[in-house]
Every structure is written in structure tokens, then in C-alpha cells.
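*Asks:* Quick one: the structure is below, questions incoming.
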Amino acid sequence: MKSKMSITILVSVIMLAVALLMLFPFMLMVVTSFKTMGEIQSPTFSFIPHKWMFQNYVLAMSKGDWLRYFYNSFVITVITVVASLVLNSMAGYAFARLRFPGRDILFFSVLIGIMVPSQVTMIPTFLMMKKFPLTGGNDLFGAGGVGLINSYAGLIFPFVAGSFGIFLCRQFFLTFPRALDEAAQIDGASTLRVFYQIYLPLSKPVLATLGIFKTTATWNDYMWPLIMTNSEQMRTVQLGLTMFRGETSVEWNLLMAATTLVVLPLMLLFLFAQKYFVQGIVTTGLKA
């Protein structure tokens, strides 16, 4: 009995140490946001600020149109995540529960998509957005204008679906017994009705998991908005953070203050959906 208790205490101490190690960069970011530049550049390190500079947050938000940056990121993230959940869940359901010619070949193609780095498809995707027909001054053949460059659609369309999301949903839907489909068919339910009324309500864990992954990826995306936007009005929060970096110096206190506010929505999302996230990781057989 004592040995089991000792093992439990040891495991708890190790887990606490690992948790503190993981939280240290976040805590360092927060305390740095309250320091002065003189204290940050001081040769002697101090974790706790000598003087708490709460006005750093006011100064950080006064540099640039941050309301617009947050609005842009919010709109892009919400639309991308909602569309992704709908499309990926439907595709995953089709691959898991329906039988149709070429299903395995199509799913194999989806798996190949997981292995292709995003850097490989970035230029072709940009050209597709630029030459999108009948948008941004383009004609029917995609010439003459800028297409979807510097628009919400250009920032959203390439990411509304993805190989990983389809794979994740498929693995989840495979965990249900085949008898569930047979019972629904006996009751006369159509395939679409079975999906929306039976499987979708049971899919909260996997949808929460996919939603967190997709939200984090979209909210934190820097490269694609940098390529696709060229105006102040279309900047996202990640592009807004670059204004604190000059050619010769970085305003670390203001940068950390702005970064803290940018990270805060993701932290709240994870805390709210943590229960479903853990369930999704367990039921899909993936490792966090």
C-alpha cells in the first residue's frame, strides 16, 4: 500500500514538474509584457518585474488598428472552422460508413495529401487564387485582374477542407457498430438523415478536437496572410505583431503584451473544449 502511494506521489511530482516546464514560456511572456525595456535589456535577469507597467498593453494596442486585425482573424477563423467541420465530417462519414466504387483509392489519395508539406502547394494555390475566374477584375479565363488576392475568400478557401480532418473524422466514425446503420435503414432513414440525426450529434468529441486544431492553425497562420494580403485593412493579428519589430531593435515589452492578448482566445477555447478534446484523442486512437 505504501509503495503504491509512493509511486503515485512520485508520478504527481514528475507531472507537476513537466507542467511547470511547459508553462514557463507562457509565464515568461506574460511577465515580460509588464516590464520596461530597460529592465528587459538589463544584464541581470529578474523574473518578476520591478515595476508593473500595465500601460504596456494600452501602448501596444494603440499601435495599429488592432480592432480591425482581431476582426479579420475572427471572421477568417470562424468561417474556416465551420466550413471545415461540415466538409470534413461529411467526407469522413462517407469514407467510413458508405460503400462506393473507388473508395479505397480516393482515401489513399487523401492520405497522400497528409504527407505533402504546405510549402509545396503554396505557390500553386496562390496562382489558383490569383487566376480565380470572374473575381477581382478577372475574366472567365482568370486573366486581367487580381482574383481573390487581398480578400476574405482568398484567405479562407484553401483551408476549408484538409486531409488530416477527413482522416480524423473517418477514424472516429469507424468506431461505431455496423448495426447502427442497419437499424436506421430498416426504419427507412436516408443516408443524409442518418448522418445528421444519428452520427453528427454523437460527433462532439471529434468535432471539438478538429475544431481546436483548425482554430489554432488558422488563428496562428502567418505565411498565407502575408502572401495574400497587401493592405492594412486585411491584416490579421499575426501580421499585426510584426509592427513591433524594427530594422535594428524589437520592442519586446509591447510585443509580449500584444502576443498575450493574441494567445488569450486560444487558451480560453482550449479550456472550454478540453473535455471533448481529450475524448476525441482517445476515441480516434491518436496521440496528443
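*Asks:* Checking residue 156 against (1) surrounded by fewer than 18 Cβ atoms within 10 Å (Cβ to Cβ); (2) touching a helix residue (DSSP H, G or I) at 6+ places or on another chain (Cβ under 6 Å): exactly one of these is not met. Which one?
*Replies:* (1)
*Asks:* Looking only at residues that are in a loop (DSSP other than H, G, I, E, B) and open to solvent by 60 Å² or more (accessible area, probe 1.4 Å) in the stretch 172-186, which one is nearest to residue 96 (Cα to Cα)?
*Replies:* Of everything passing the filter in the stretch 172-186, 174 is nearest to residue 96 (Cα to Cα).
*Asks:* Also, quick follow-up: Out of everything in the stretch 207-236 that is under 14 Å from residue 149 (Cα atoms) and among the hydroxyl-bearing types (Ser, Thr, Tyr), what residue ends up being modelled with the lowest pLDDT?
*Replies:* Per the criteria, the residue is 231.
*Asks:* Before we move on, is residue 144 free of Cβ contacts under 8 Å to residues at least 60 places away in the same chain, surrounded by fewer than 14 Cβ atoms within 10 Å (Cβ to Cβ) and in a loop (DSSP other than H, G, I, E, B)? Steps first, answer last, please.
*Replies:* Values: free of Cβ contacts under 8 Å to residues at least 60 places away in the same chain: yes; surrounded by fewer than 14 Cβ atoms within 10 Å (Cβ to Cβ): yes; in a loop (DSSP other than H, G, I, E, B): yes.
For residue 144, the condition - free of Cβ contacts under 8 Å to residues at least 60 places away in the same chain, surrounded by fewer than 14 Cβ atoms within 10 Å (Cβ to Cβ) and in a loop (DSSP other than H, G, I, E, B) - is met.
*Asks:* Something else now. So which residues in the stretch 63-85 are part of a loop (DSSP other than H, G, I, E, B) and either surrounded by fewer than 13 Cβ atoms within 10 Å (Cβ to Cβ) or among the β-branched types (Val, Ile, Thr) (or both)?
*Replies:* Here is the first cut: in the stretch 63-85, the ones part of a loop (DSSP other than H, G, I, E, B) are 63-65.
Within the stretch 63-85, no residue meets the criteria.
*Asks:* Also, quick follow-up: Across the stretch 214-231, what is the total count of residues that are among the β-branched types (Val, Ile, Thr) and within 19 Å of residue 83 (Cα to Cα)?
*Replies:* Number satisfying all stated conditions: 3.
*Asks:* Of the residues 149, 166, which single one is among the β-branched types (Val, Ile, Thr), in a helix (DSSP H, G or I) and crowded, with 17+ Cβ neighbours inside 10 Å?
*Replies:* When all the criteria are applied, what remains is 166.
*Asks:* Considering only the stretch 242-273, how many residues are of a type in the set (Val, Ile, Thr) and either surrounded by fewer than 15 Cβ atoms within 10 Å (Cβ to Cβ) or not in a helix (DSSP H, G or I) (or both)? Even if it seems obvious, please write down each step before you answer.
*Replies:* Filtering the stretch 242-273 down to residues of a type in the set (Val, Ile, Thr) leaves 242, 248, 250, 259-260, 262-263.
Subset that is either surrounded by fewer than 15 Cβ atoms within 10 Å (Cβ to Cβ) or not in a helix (DSSP H, G or I) (or both): 242, 248, 250.
Of the residues in the stretch 242-273, 3 are of a type in the set (Val, Ile, Thr) and either surrounded by fewer than 15 Cβ atoms within 10 Å (Cβ to Cβ) or not in a helix (DSSP H, G or I) (or both).
*Asks:* Only residues that are in contact (Cβ under 8 Å) with a residue 24 or more places away in the chain, in a helix (DSSP H, G or I) and open to solvent by 30 Å² or more (accessible area, probe 1.4 Å): list them for the stretch 30-59, please.
*Replies:* Correct list: 30, 37, 40, 57, 59.
*Asks:* Inside the stretch 68-101, can you point out the residues that are aliphatic (A, V, I, L, M) and under 17 Å from residue 199 (Cβ atoms)?
*Replies:* Answer for the stretch 68-101, where residues must be aliphatic (A, V, I, L, M) and under 17 Å from residue 199 (Cβ atoms): 85, 86, 87, 90, 91, 94, 96, 98.
*Asks:* Now for a separate question. Output the residues belonging to the stretch 86-119 that are among the hydrophobic types (A, V, I, L, M, F, W, C), under 15 Å from residue 162 (Cα atoms) and open to solvent by 40 Å² or more (accessible area, probe 1.4 Å).
*Replies:* 86, 87, 90, 106, 108, 111, 112, 114, 115, 116
The values are calculated or read from the model by the stated rules, or taken from the named source; none is laboratory data. All values derive from a computational prediction rather than experimental measurement. Because the Cβ atoms are built from the backbone with ideal geometry, glycine has one as well, and the counts that use them run over all protein chains shown. Side chains included, ligands, DNA and RNA excluded: accessible areas come from the protein's heavy atoms. Shrake-Rupley method; radii C 1.70, N 1.55, O 1.52, S 1.80 Å.
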